[in-house]
Amino acid sequence: MTRIETIAVHGGRDDLAELGVHAPPIDLSTTYPVPDQALGGEALGEWATGAAQASSPVYARLHNPTVARFEKALAALEHTEVAVAFGSGMAAVTAVIQAACVMAGKPHVVAVRPLYGGTDHLLSSGLLGVTTTYVEAGLVSSAIRPDTGLIVVETPANPNLDLVDIEHVVRQAGSVPVMVDNTFATPILQNPALHGASYVLHSGTKYLGGHGDVLGGVVACSDALAAALRQVRIITGAVLHPLGGYLLHRGLATLPLRVEAASRSAAVLAVRLAEHDAVEFVRYPSASVQMRGTGAMIAFGVHGDPTSIVRRLSLITPAVSLGSVDTLIEHPWALTHRLVPGEELRASGVPENLLRISVGLEHVEDIWNDLNAALNVTSCDVDYVKPSPTDYLVMTAAH
């Protein structure tokens with residue numbers, strides 16, 4: 001069996017030898033010659049019905065070979081038949097909801113909080129004509145209705161790293177498709193399709209690209225489900241630019257190494273944060289049945305004002321997003337989850353004092369020195385009784 005590191009390097013590059021090139025070419029064409037207009041029209045019709053291939057690309061909104069290579073590589077990593085790429089992670093989420101709910105005439109979604117704030121807001125807004133019932137992971141079956149078209153979960157969850165047992169949710173879902181946002185884990189640490197998920201979603205902007213310089217989203221799924229996703233992409237124009245497809249494809253080659261290195265540092269930082277007087281709790285996944293590692297994301301609550309801690313950092317980048325080569329920190333209540341009602345955010349395990357760190361590739365001691373310096377100012381000003389180590393909320397497997 002080919003190992004994941006090898007798949008990451010060689011996936012989507014099958015046609016390069018025939019082309020006589022070593023690096024995947026970037027096809028920037030917006031349109032393609034169609035000398036036989038009748039055949040071109042047939043190709044356009046095939047694309048419009050969600051076909052994976054046709055005799056001509058015809059137009060860049062219908063198909064792009066550079067993007068297609070990235071899709072093939074990502075599907076190989078996620079152990080699915082195919083993948084469909086989009087211009088952003090939110091465009092990918094929107095396409096799944098439209099395909100599974102709107103086009104199928106089942107406008108009800110069951111979702112497990114917490115989710116990425118943008119996804120949560122989209123589901124709550126009614127913008128796509130769907131209604132959403134939010135439940136705990138163990139109560140999914142109780143919320144399913146005859147018009148339920150989709151179950152939405154994210155694990156590890158954004159921003160508090162809750163772990164959801166994918167197989168348990170799939171069993172509860174029955175015939176209703178389950179979408180798992182796999183952005184935090186990446187295909188290196190977790191493959192939701194192997195546990196029964198119908199749609200595996202990534203904000204490619206994060207770990208897949210890995211360098212904070214490309215916007216994109218992708219959904220890995222079966223051939224049958226992909227057709228509707230392609231139809232949505234063509235009609236709405238939610239296409240991934242070829243340069244974005246190239247950068248995401250290139251990012252996959254180093255993804256295993258980046259995830260491994262950042263996870264190693266995150267494990268060290270999680271322990272040190274849990275021992276710091278200014279830290280109330282730490283949430284960091286331990287290894288589980290469905291995950292092959294712990295990941296590079298850490299959530300922790302602080303005593304005092306979390307925004308003042310962020311302001312005192314000098315090395316760590318105070319910014320939204322995650323999965324970049326540099327370490328990023330953000331305050332979910334102020335930024336990524338600002339549009340989720342506060343009482344609902346608290347109920348899903350996201351308190352006001354929670355900070356989220358995406359650990360990068362800097363030396364772990366340099367990251368810690370920056371964190372420690374910012375936290376030490378807070379610890380000097382806070383009078384409280386430090387909890388015992390058993391009180392720290394460190395995530396364990398959902399199984």
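The values are calculated or read from the model by the stated rules, or taken from the named source; none is laboratory data. Predicted model, so just to flag it, every value in this text is computed and none were measured. Every residue, glycine as well, gets a Cβ built from its backbone with ideal geometry; the counts of neighbours run over all protein chains shown. Side chains are part of the model used for accessible areas, which takes the heavy atoms of the whole protein and leaves out ligands, DNA and RNA. Shrake-Rupley method; radii C 1.70, N 1.55, O 1.52, S 1.80 Å.
Here are the numbers for the structure shown:
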| read-out | value |
| --- | --- |
| Subset of the range 331-342 that is among the aliphatic types (A, V, I, L, M) and over 22 Å from Arg312 (Cβ atoms) - its residue that is most open to solvent (accessible area, probe 1.4 Å) | Leu339 |
| Any hit, the range 289-304, residues being surrounded by fewer than 16 Cβ atoms within 10 Å (Cβ to Cβ) and over 23 Å from the mean Cα position of the chain (by Cα) | no |
| Criterion (in a loop (DSSP other than H, G, I, E, B) and modelled with pLDDT under 95) met by exactly one of Gly295, Gly304 | Gly304 |
| Any hit, the range 311-330, residues being in contact with a Pro (Cβ under 6 Å, 6 or more places away or on another chain) and open to solvent by 10 Å² or more (accessible area, probe 1.4 Å) | no |
| Lone qualifier among Ile151, Ile188 - being among the hydrophobic types (A, V, I, L, M, F, W, C) and open to solvent by less than 10 Å² (accessible area, probe 1.4 Å) | Ile151 |
| Candidates Leu273, Leu345, filtered to the one that is touching a strand residue (DSSP E or B) at 6+ places or on another chain (Cβ under 7 Å), surrounded by 22 or more Cβ atoms within 10 Å (Cβ to Cβ) and not acidic (Asp, Glu) | Leu273 |
| Flag if Ser88 is over 14 Å from Tyr199 (Cα atoms), among the polar types (S, T, N, Q) and in contact with a helix residue (DSSP H, G or I) (Cβ under 6 Å, 6 or more places away or on another chain) | no |
| Output for the range 317-336, where each listed residue is more than 16 Å from Gly210 (Cα to Cα) and either at pLDDT below 95 or more than 17 Å from the chain's Cα centre (by Cα) (or both) | Pro318, His331, Trp333, Ala334, Leu335, Thr336 |
| Members of the range 191-220 that are touching a strand residue (DSSP E or B) at 6+ places or on another chain (Cβ under 8 Å), among the hydrophobic types (A, V, I, L, M, F, W, C) and open to solvent by 20 Å² or more (accessible area, probe 1.4 Å) | Ala193 |
| Flag if Tyr134 is more than 22 Å from Val232 (Cβ to Cβ) and touching a residue at least 12 places away in the same chain (Cβ under 8 Å) | yes |
| Residue list for the range 1-32, filter: open to solvent by 60 Å² or more (accessible area, probe 1.4 Å), in a helix (DSSP H, G or I) and of a type in the set (A, V, I, L, M, F, W, C) | Val9, Ala17, Leu19 |
| Any hit, the range 221-232, residues being open to solvent by 10 Å² or more (accessible area, probe 1.4 Å), under 17 Å from Phe70 (Cα atoms), touching a helix residue (DSSP H, G or I) at 6+ places or on another chain (Cβ under 7 Å) and touching a residue at least 40 places away in the same chain (Cβ under 8 Å) | no |
